[in-house]
Amino acid sequence: MTHDTIYIKLFGEFSVWVNGQPVPLDNCTTKAMRVLQFLLFRYPAGVSRNTLMDAFFVDDSTSDPANNLNVTISQLRRRLKKAALPGEVGVQLKSNQYTLTCSAPIHSDVTRFEECMAQAGQTTDADQRLELLLEAEQLYSGDFLPHLAMDDWAVTTAAKYRMDYFACLDALTQLLPERGEWEQLLGIATRASSMHPLEEFFCLRIDCLMNLERYQEAKQVYDQAIRTLTEDFVVKPSAELTRRFQLLSLANQDSHETIFELNNQLREAEHQRGAYYCSYPSFIDVYRMCCRMIERTGQSACLLLYWLVDPKGHALTDTDKIAQAAPLLSGAIHDSLRRGDAFTQHGRDRFLVLLIGTDRENCEIVDQRIQARYKQQPVRGVALRHSLQTVETDMPFPNSGIWQPQ
């Protein structure tokens with residue numbers, strides 16, 4: 001009689017563990033391995049032949065999907081035999097139903113997650129409910145089988161468990177503050193925002209830090225939320241996130257730091273070369289302050305807008321190329337400017353640059369430096385476009401430059 005236990009991880013990744021040790025697996029996206037993951041998910045129940053054919057072979061060019069399924073199952077059986085899992089794991093066909101067979105116990109994070117959520121919804125004991133919800137939260141380590149985005153069954157299942165996870169977080173958000181467990185809730189919110197960078201999780205982190213009177217960290221989370229929303233998702237902060245910023249401002253009014261301590265908090269942590277990068281909302285403040293300084297000193301300043309286009313100058317729609325080129329352009333801008341200049345990313349594919357104490361002629365020299373640095377590592381099929389505008393006159397220059405990679 002075997003005492004071995006097989007544990008299947010389906011959240012965040014696919015992995016198989018025997019007695020706490022990982023089992024090496026082949027490529028998890030081959031047809032045979034995708035079928036195995038479906039069968040493991042449905043274990044101990046089986047899956048009908050028709051369901052498997054609809055899930056994996058409906059779009060195949062083959063004229064015989066039934067035979068293709070037979071071949072895939074044969075491949076899977078050979079791989080399972082080669083893996084030498086305990087309990088002689090196999091695939092059985094009975095009454096037109098494929099079922100995994102194994103004499104050793106098979107457990108999974110998904111099954112336990114479902115059990116915890118169901119029991120938490122049924123119990124009337126508050127302590128037990130909290131314990132079950134906390135276990136469910138720990139079990140969810142990411143989307144269900146994220147590498148199977150090509151399979152409809154996996155995508156719909158992932159969406160279902162994601163909503164269950166959000167429901168778990170909603171319940172914990174009510175229970176933990178009642179007990180003053182802000183530190184524990186902070187850890188949960190931080191984990192949630194790393195897996196799903198949604199504004200509500202950033203707000204929850206800020207709430208936790210404010211209740212712990214860690215206002216500096218709360219401001220850092222706010223800045224992170226702004227960067228994520230404006231740069232990655234190109235959306236404006238909601239009224240709820242803005243309200244957190246206002247509460248942070250009011251909280252700081254009650255602080256008792258000396259002018260020396262405040263000065264140290266305001267300064268950069270370390271001396272850094274290159275232009276100052278800030279979020280778009282912060283860039284607005286920098287720009288408006290620059291306008292006021294110009295009114296008093298008569299100093300000149302220029303605003304540049306850079307954006308990524310295709311070689312014909314049209315809007316770039318290839319998100320992969322944008323993801324490759326945007327960091328390179330950001331680095332080229334940062335390294336080409338002085339410490340007294342500022343820039344920000346305004347959307348996925350465009351950057352704003354503020355050059356202080358610079359006239360049009362020098363601005364064009366700076367532009368040449370930026371273009372030259374970017375061309376050192378260009379992304380094929382991506383061109384740069386830019387336009388210039390003087391801050392003091394708000395009159396755009398008539399010419400825009402475009403550089404195209406060879």
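The values are calculated or read from the model by the stated rules, or taken from the named source; none is laboratory data. Bear in mind the structure is a predicted one, so any value in this text is a computation, not a measurement. Every residue, glycine as well, gets a Cβ built from its backbone with ideal geometry; the counts of neighbours run over all protein chains shown.
So here's what we get for this one:
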quantity	calculated
Any hit, the stretch 187-201, residues being in contact (Cβ under 8 Å) with a residue 24 or more places away in the chain and more than 30 Å from I322 (Cα to Cα)	yes
Cross-chain or 6+ apart pairs with Cβ under 7 Å, the stretch 31-57 first and over 16 Å from N96 (Cβ atoms), then modelled with pLDDT under 95 and among the hydroxyl-bearing types (S, T, Y)	K31/T72; A32/T72
Where L36 falls short, out of the listed (1) of a type outside the set (G, A, S); (2) assigned to a helix (DSSP H, G or I); (3) farther than 27 Å from A192 by Cα; (4) out of contact with any helix residue (DSSP H, G or I) (no Cβ under 6 Å at 6 or more places or on another chain)	(4)
Residue check for F56: surrounded by 13 or more Cβ atoms within 10 Å (Cβ to Cβ), at pLDDT 95 or above and in the same structural domain as W153 (by TED's automatic domain parsing)	no
Single unsatisfied condition, I6 versus (1) free of Cβ contacts under 8 Å to residues at least 60 places away in the same chain; (2) surrounded by 14 or more Cβ atoms within 10 Å (Cβ to Cβ); (3) within 24 Å of A136 (Cβ to Cβ)	(1)
Count - residues of the stretch 357-366 that are modelled with pLDDT under 90 and either surrounded by 14 or more Cβ atoms within 10 Å (Cβ to Cβ) or among the acidic types (D, E) (or both)	6
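Yes or no, residue by residue, for (1) in a helix (DSSP H, G or I); (2) within 18 Å of D152 (Cβ to Cβ); (3) of a type in the set (A, V, I, L, M); (4) out of contact with any Phe, Trp or Tyr (no Cβ under 7 Å at 6 or more places or on another chain):
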site: D59; (1), (2), (3), (4): no, yes, no, yes
site: V71; (1), (2), (3), (4): yes, no, yes, yes
site: S74; (1), (2), (3), (4): yes, no, no, yes
site: E88; (1), (2), (3), (4): no, no, no, yes
